[in-house]
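See below for the structure under consideration.
The values are calculated or read from the model by the stated rules, or taken from the named source; none is laboratory data. Source: prediction; values computed, not measured. To get the accessible areas, we keep the full protein, side chains included, count just its heavy atoms, and leave off ligands, DNA and RNA. Shrake-Rupley method; radii C 1.70, N 1.55, O 1.52, S 1.80 Å.
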Amino acid sequence: MGQGSTGNVIAALCSFFVPGLGQLIQGRVLSAILWFVVACVAFAVTWLLTLSLLPFGWFVVSVFACINAALYRPSAS
């Protein structure tokens, strides 16, 4: 499983909808938790700043989590 593989594409799609889910599928538990927590914090900050339910912070983090999952290359060991 490497960059551009089917597994990474599926992981990237999962991370787009729930940040960290793709990393969890790839077996990177700590990274998955980190992406999810960052997404929750970003959602809370943007909600407090805009006083609306617009999940802009969540969306931005999910895009970066998606890219991270898509470009993941497991170590060669």
How far is helix 29-50 tilted, in degrees, relative to the longest principal axis of the Cα atoms in the chain, given as a value from 0 to 90 rounded to the nearest 10? 20 degrees
Whole-number D in µm²/s for region 27-74 (Stokes-Einstein; Kirkwood sum over Cα pairs; 25 °C, 0.890 mPa s): 217 µm²/s
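Which percent of the accessible area of the chain is formed by carbon and sulfur heavy atoms (probe 1.4 angstrom)? It would help to have the intermediate numbers written out before the result.
Working: 3970 of 4920 Å².
So the carbon and sulfur contribution to the accessible surface is 81 percent.
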Ordering 28, 73 by the accessible surface of their heavy atoms, 1.4 Å probe, largest first, yields 73, 28
Hey, can you find the accessible area per residue of the chain for me, probe 1.4 Å, expressed in square angstrom? 64 Å²
